[in-house]
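The values are calculated or read from the model by the stated rules, or taken from the named source; none is laboratory data. Keep in mind the model is a prediction, meaning the values are calculated, not measured. We place every Cβ from the backbone using ideal geometry, glycine too, and count neighbours over all the protein chains shown. Only protein heavy atoms, including side chains, enter the accessible area calculation; ligands, DNA and RNA are left aside. Shrake-Rupley method; radii C 1.70, N 1.55, O 1.52, S 1.80 Å.
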Amino acid sequence: MTVTWRREGDAGLVELANPPVNAMGLAVRQGLLDAVRWAENEPGLSRVIVSGQGRAFAAGGDAREFDGDPVPPHLPDVLDAIEASTVPWIAAAHGVALGGGAELMLACRYRIAAPETKIGLPEVTLGVVPGAGGTQRLPRLVGLDTALDMIANGKPVGALDAQEMGLVDAVADDPVAHAMSLDMTSVQDRPILSALDGPAPDDDAVQKARATAHKRMRGQIAPQKAIDLVALSATTAFRDALARERQTFIELRSTEQAKALRHIFFAERAAKAPGWLDAEPLKVERAAVVGGGTMGAGIAYALLLAGIGVTLLETDADGVERAKANIGRIMDASGRRGLLSDDKRAGIEAALTVTDDYRAAAKADLAIEAAFESMEVKKTVFGALEKALPADAVLATNTSYLDVNEIAAGLADPSRLMGLHFFAPAHIMKLLEIVQGDATSHRALATGFDLAKRLRKVPVLSGVCDGFIGNRILARYREAADTLLMDGTNPWELDEAMVEFGYAMGPYEAQDLSGLDIAHANRQRQAATRDPDRRYIPIGDRMVAEGRLGKKVGVGWYRYPGGGGKVVDPLIEDLVREEAHFAKVERREFTDDEIRRRLVLAMINEAADILAEGIAQPAADIDLVTVFGYGFPRWRGGLMHYADTLGVDAIVADLRALEAEDPIAWKPSAALLACAQQGIALRDYRPNP
Ligand code: COA
């Protein structure tokens, strides 16, 4: 039974029982309707109290059903029946009441929530709008402005805020007990929300919501549609507006955007240790982190937040001071944003040791090395860690590019080592690439996945290659961008084209933020092994030679006067033209569409090679990497999902056309050719064993 009901005194107790989070699929909707009928026929009931079993009140409509046709009873009809019931329903919520769960609360005559409850209408984050009265009942209860904010942003609110805005009537530790003890005389006479007049029209509030949604959720359809619907509550009769809401919800669920967002939602939840790992993870209680720079300090802080004690190791006393300052700055910033209380900070500081003495790491179960990107340095660090840590401790390197197998070869037991590639800022970014070397043990990998879960990160398994999954795709993206730059465009046009595609910023602005020297050092490292026939664009190297290292020095691809926002620097055009002249390139204009097409194709082709080589598997893992680590628009579903919407045949045809221009850079990947030949999508591609 996914919904149960019983009588206790003069109260009917209805409970949603669809673990783990009471998603409101067909069986729950039917169960609720049956419960309404039962309560109507049960003599002498003063109230029906609806609550949720387990950790949630209800997580909303079952998103797994959204690919098929809607099957009755539909949620709006079920909620209408609850609202119209002669026995008043009371919502007793805890955990989360999201989407349809929040709409169920709105259909009740009285709403109670436990203090930790999160209530919200997050449908836009799945590319749809509330589909069971939320856009009409909520503004009638809390006003147009607040409803616009909640529905267009999709952000849930806590119970106390919900009480303040009038969304819940009471906050109680035991909402069901509170509902049982409620004096029903005042509740009985309350009007139902659908009978109330709509809020007063407020064009300013609507325009403001549109502008905010345009900025924060650029390119997405659902937020603007949600705003249209909430605005309707002020001008249109409840039933008419409800019909529009339903129609919009049904139309949106089958859009590419909604499918893409569902794909990422479920891919994120499916990102777990693979089934073939046959070892128990080591339960990490204390970790050593080597290197207290920005990355190491961020990793240390992330571990501390998850309740893991940290010994942060540096090379000397100055390094210790710098590391302390770095971690202090992160904590200050978190404190200012209200994310770290003084008490919690004191606890974290007590669990942290910063030292240059490796003996302090003698009890660590795990070490994560985040030292300078040099093979020599890494080998020395691991030599010291091997001596200092227990023989069964797991070792990890946070290298971005270096060969994990070569690092492992320096260890007495190479099976202890894996790559744990964090993204800056490490305490915020959700992606964690777990790199499996040739010798890495299942125990080490299982420990990596378990750690990701504790840090609430999205883990993706990667094989060893230059740049692993994410940075390898990024390097190809930048190479394609530099080629466009040389051949005719400029950084700001190119950046704008990618912002239009859905990135928060284009590749040149992003490089200015991270610093041009890192990619430069990398290109230097690769110089010896680079294919001499491959076209090489030296503009980035010239930039570094001229000290244009990015925002940190006030000038890179853009200028940053006074350390502030970016401004276009016309000198770049001279610099690029000069380089093109040296290289005898005849420059031409590129349209925004051409720019996007080339950059996205370059990434897709590289990612397909990554699949073909078995570095990543399945394609959805590349979607997670690109969305959670590299700013690929979530609403396009990640790089490979987006590629499948373009279609493998169209991609191969495009690559063939570009191949005439540069047969090396645009050679179609074996994975794409295999998919085209077999008539399958990239998501179904498996490399030959
Ligand atoms: N539809 C279908 N399945 C859902 C779901 C939904 N609305 N919400 C959660 N689930 C599933 C998850 O896929 C996961 O399944 P799995 O165990 O097979 O991987 C399981 O419920 C637990 O969810 P998870 O996200 O891992 O748990 P959590 O405690 O971290 O978070 C929620 C719980 C409810 C906060 C989170 O799942 C969520 O935000 N859900 C979406 C809510 C929403 O957008 N509702 C509106 C739908 S239109």
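Can you give the helix-only mean residue ellipticity at 222 nm for the chain, where every DSSP H stretch with n ≥ 4 adds -39500 (n - 2.57) and the sum goes over all residues, rounded to the nearest 500 deg cm²/dmol?
Working: 29 runs with 329 residues, N = 689.
Roughly -14500 deg cm²/dmol at 222 nm, from the helical runs in the chain.
State to the nearest 20 debye the size of the charge dipole of the range 227-347 about its Cα centre, where the only charges are +1 on K and R beta carbons and -1 on D and E beta carbons. Working shown, then result.
Working: 17 positive and 16 negative charges, 85 e Å.
For this selection, approximately 400 debye.
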- prompt: Of ALA102, THR355, ILE250, which is farthest on the positive side of the dipole of the chain, counting Cα position, with +1 on Lys and Arg Cβ, -1 on Asp and Glu Cβ, and the Cα centre as origin?
  reply: THR355
statement: Placing each pseudo-label 7 Å from Cα in the direction of the beta carbon, VAL71 and ARG683 end up separated by a distance in nanometres of 2.0 nm
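Can you give the charge dipole size of the range 513-577 about its Cα centre, rounded to the nearest 20 debye, using +1 on the beta carbon of Lys and Arg and -1 on the beta carbon of Asp and Glu? Write down the numbers at each step before the final one.
Working: 12 positive and 8 negative charges, 34 e Å.
Charge dipole, the range 513-577, about its Cα centre: 160 debye, nearest 20.
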query: Using the alpha-carbon atoms, what tilt in degrees (0 to 90, nearest 10) does helix 442-454 show relative to the longest principal axis of the chain?
result: 50 degrees
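For the chain, give the magnitude of the charge dipole about the Cα centre (Cβ charges: +1 Lys/Arg, -1 Asp/Glu; no others), in debye to the nearest 20.
Details: 76 positive and 97 negative charges, 119 e Å.
Dipole about the Cα centre, nearest 20: 560 debye.
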task: Report, in whole Å, the centroid distance computed from the Cα atoms of the range 256-310 and the range 89-112.
output: 33 Å
message: Exceeding 30 Å between C-alpha atoms, which entries from my cross-link table qualify? They are LYS155/LYS324; LYS379/LYS453; LYS118/LYS430.
response: LYS155/LYS324
Loop-resident sites, the range 521-617, for trypsin sites (Lys or Arg not before Pro), counting at most 16 other Cβ within 10 Å (DSSP): ARG530, ARG534, ARG535, LYS584, ARG587, ARG588
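Of all the accessible heavy-atom surface of the chain, with the other protein chains kept in place and a 1.4 Å probe, what percent is carbon and sulfur? Write down the numbers at each step before the final one.
Details: 15190 of 29280 Å².
Heavy-atom surface of the chain belonging to carbon and sulfur, 1.4 Å probe: 52 percent.
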- request: Compare the Cα positions of THR399, VAL585, LEU575 along the charge dipole of the chain (+1 at Cβ of Lys, Arg; -1 at Cβ of Asp, Glu; about the Cα centre) and return the one farthest towards the positive end.
  value: THR399
query: How are the C-alpha pair distances of the range 23-82 spread across 10 Å bins, as whole percents from the shortest bin up?
result: 20, 49, 26, 5, 0
Shape category assigned to the range 286-462 from the gyration tensor of Cα positions, a/c cut at 1.5: prolate
message: Check which residues have an amide H placed less than 5 Å from ALA23's amide H, if you skip close sequence neighbours.
response: ALA59
task: List, largest first, the extents of the alpha carbons of the chain along their principal axes, each in whole Å.
output: 86, 61, 55
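Any idea what the relative contact order of the chain is, in percent, if you count C-alpha pairs under 8 Å spaced at least 6 apart? Before the final figure, lay out the partial values.
Working: 1290 pairs, mean separation 60.1, N = 689.
Once divided by the residue count of the chain, the mean separation gives 9 percent.
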query: Mind checking the angle between helix 619-630 and the chain's longest principal axis? C-alpha axes, 0 to 90 degrees, to the nearest 10.
result: 80 degrees
